Structures are given as C-alpha cells and as structure tokens.
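The values are calculated or read from the model by the stated rules, or taken from the named source; none is laboratory data. No experiment lies behind these values; they were computed from the predicted model shown. Glycine also receives a Cβ, built like all others from the backbone with ideal geometry; neighbour counts cover every protein chain displayed. The area values use the complete protein model at the heavy-atom level, side chains included, leaving out ligands, DNA and RNA. Shrake-Rupley method; radii C 1.70, N 1.55, O 1.52, S 1.80 Å.
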Amino acid sequence: MMKILIVDDEPLARKVIQNHLKHLKEDKEIIETESAIEAFELLSKITVDLIFLDIQMPEIDGFELLKLLSRKPEVIIISAYKEYALKGFDFQVTDYLLKPVSLQRFLDAFRKAQTNIYNKKLLENISSTNKNDITSTIEKEYIFIKVNRENIKLDIKDINYIESYGNYVKIITSTEEYLTASTMNETENILSSEKFIRCHRGYIINIDHIKSFVDGLININDKIIPVGRNYLAKVKDFINSCKQ
C-alpha cells in the first residue's frame, strides 16, 4: 500500500488532490496536513512514499520543510507560482505542477513517482540481501516482477535469458516475454549466481537452457546470444568446469 501525505494550507487545494487520487485504483493511505510544521512532526513518526507539497504556507514554507527532512520520499510540488519551479528541481523533486492542475497532468506526475518508488524499494531489497546468500532464491524458486500495474510471479527455472532494453529489461521464457522497469545490474543481483551468468553487457543467461557454445556465441533454445569480450573468460571457465 502506498502512503501519501498532502501538505497544503488551502482546504480546496487538498480536496482537488484527493479527488484526483480517487481516479487511481492502487491501494493507498492518504494523510492530510495544513502546515509544513505539522508535516515535519508527522514525518518524524511515520514514513510516507509520496508527498504532494505546496510551497507558500504560514510559518515555514515547503522548501524549508524539504531542508529539514533527513530521508526524503518522492515529492510532487503543486504551487500557484511558476517562479519556484527551478528551485524545486534543485531539491530533486519528482515533478512540479502549477495550480489549477489538470487530471491528466496529475496522473502523469503520479505515475512517474510510482515508478521511482518501485525502483527504490527494489534497490532496498537488493541491498538488504547478501549477494552470497542465495537461499531465499533457491528455496522459493521464483521472483516477482512488475509489469505495468501487475506483480507477476515468475518461476526462475522458466527464464531462458534476460535482455537489456533501454531503461527496462526484457525477461524471456519459453512461452512469454515480460518487460519490466529495472537495470541489468539490479536484475543480476536478484537472480541466483548458481543458475545465471552475465555473458554480455546486454544479456544474462540461464545456464540450464544452454544448448551449445561455439566461437563466442551461446545458443539458448535456438536464440543466438553473443558473449562479450569482458565476459568470455568467465563463460569459458564455466563450460570447462562442466566437461566430463
């Protein structure tokens, strides 16, 4: 469930954000506050994923609040003043929206924040897992990948290979292809090092699906995958270790 905090001293502005959020099907908990001071006190007790933040408020403004936060969630600024936009991006906010905010513009900003939140949580899960301890991967024998809004359970043994695809990776099984927002390094860290080899900057292969290897090319279920120069020695060592 996504936890969202709305910080704006204008009741009508908070209501507009609430109404826009009603168009989203995602599970969410929404908290409102009318001042940055109240928001700071609240954020010292709870963690939120996303803040919709006004700039001009009594006592301290939105930028002063951001300066006080040691751990900053995703932030979408909603302000009536366009002159603050550049300063907003100095704080690395997700987006800067001008009042009155159209529904489509609001949804675009929300989706951007949602993607960032998902990627952050993915990285946190990776960093909290010891790369040398693959017990959880082996015991469960599956991973979850996010495709659009859906979390799909994927059996590791069914993965043939993973291919880099811009800001995404394409996961190929014998019957399906899945496109998910991730990097090759993140994906490599999640997968078992006993089953998967990085053979190229743009490819990770499942060793159980190798049909043949010759002249720097690997055949994975009739898909020919190149072996990068920097990865060739590792692949050859693996092949040699499997020879009778």
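Considering segment 84-112 alone, what residues qualify as being in contact (Cβ under 8 Å) with a residue 40 or more places away in the chain and among the basic types (Lys, Arg)? Result: Lys99, single match.
Taken over segment 49-85, residues that are under 30 Å from Asp27 (Cβ atoms) and either of a type in the set (A, V, I, L, M, F, W, C) or at pLDDT below 90 (or both) amount to 17.
If you go through segment 47-59 one residue at a time, do you hit one that is surrounded by 19 or more Cβ atoms within 10 Å (Cβ to Cβ) and in contact (Cβ under 8 Å) with a residue 60 or more places away in the chain? Yes; the residues of segment 47-59 include at least one that is surrounded by 19 or more Cβ atoms within 10 Å (Cβ to Cβ) and in contact (Cβ under 8 Å) with a residue 60 or more places away in the chain. Checked against (1) within 30 Å of Met2 (Cβ to Cβ); (2) exposed (fewer than 14 other Cβ atoms within 10 Å of the Cβ); (3) of a type in the set (S, T, N, Q); (4) touching an Asp or Glu at 6+ places or on another chain (Cβ under 9 Å), Asn185 passes all but condition (4). Specify the residue that is nearest to Lys45 (Cα to Cα); the eligible residues are those in segment 73-86 that are surrounded by 14 or more Cβ atoms within 10 Å (Cβ to Cβ) and of a type outside the set (Asp, Glu). Among those that are surrounded by 14 or more Cβ atoms within 10 Å (Cβ to Cβ) and of a type outside the set (Asp, Glu), it is Pro73.
Every residue in segment 4-32 that is at pLDDT 95 or above, surrounded by fewer than 20 Cβ atoms within 10 Å (Cβ to Cβ), assigned to a strand (DSSP E or B) and not acidic (Asp, Glu), please. Hits for segment 4-32 are Ile30, Ile31. As a summary of the residue check, Glu188 satisfies the conditions (1) in a loop (DSSP other than H, G, I, E, B); (2) under 20 Å from the mean Cα position of the chain (by Cα) except for the one numbered (1). Residue count for segment 145-178 satisfying the condition of being open to solvent by 70 Å² or more (accessible area, probe 1.4 Å) and assigned to a strand (DSSP E or B): 6.
One residue stands out in segment 225-236 among those that are under 29 Å from the mean Cα position of the chain (by Cα) and aliphatic (A, V, I, L, M): the one that is surrounded by the fewest Cβ atoms within 10 Å (Cβ to Cβ), namely Ile225. Scanning segment 198-224 for residues that are in a strand (DSSP E or B), touching a residue at least 40 places away in the same chain (Cβ under 8 Å) and open to solvent by 20 Å² or more (accessible area, probe 1.4 Å) yields Tyr203, Lys223. Among the residues of segment 94-113, those that are out of contact with any helix residue (DSSP H, G or I) (no Cβ under 8 Å at 6 or more places or on another chain) and either open to solvent by 30 Å² or more (accessible area, probe 1.4 Å) or β-branched (Val, Ile, Thr) (or both) comprise Ser102, Gln104, Arg105, Asp108, Arg111, Lys112. How many residues are open to solvent by less than 80 Å² (accessible area, probe 1.4 Å) and in a loop (DSSP other than H, G, I, E, B) if we restrict to segment 33-45? Number satisfying all stated conditions: 1.
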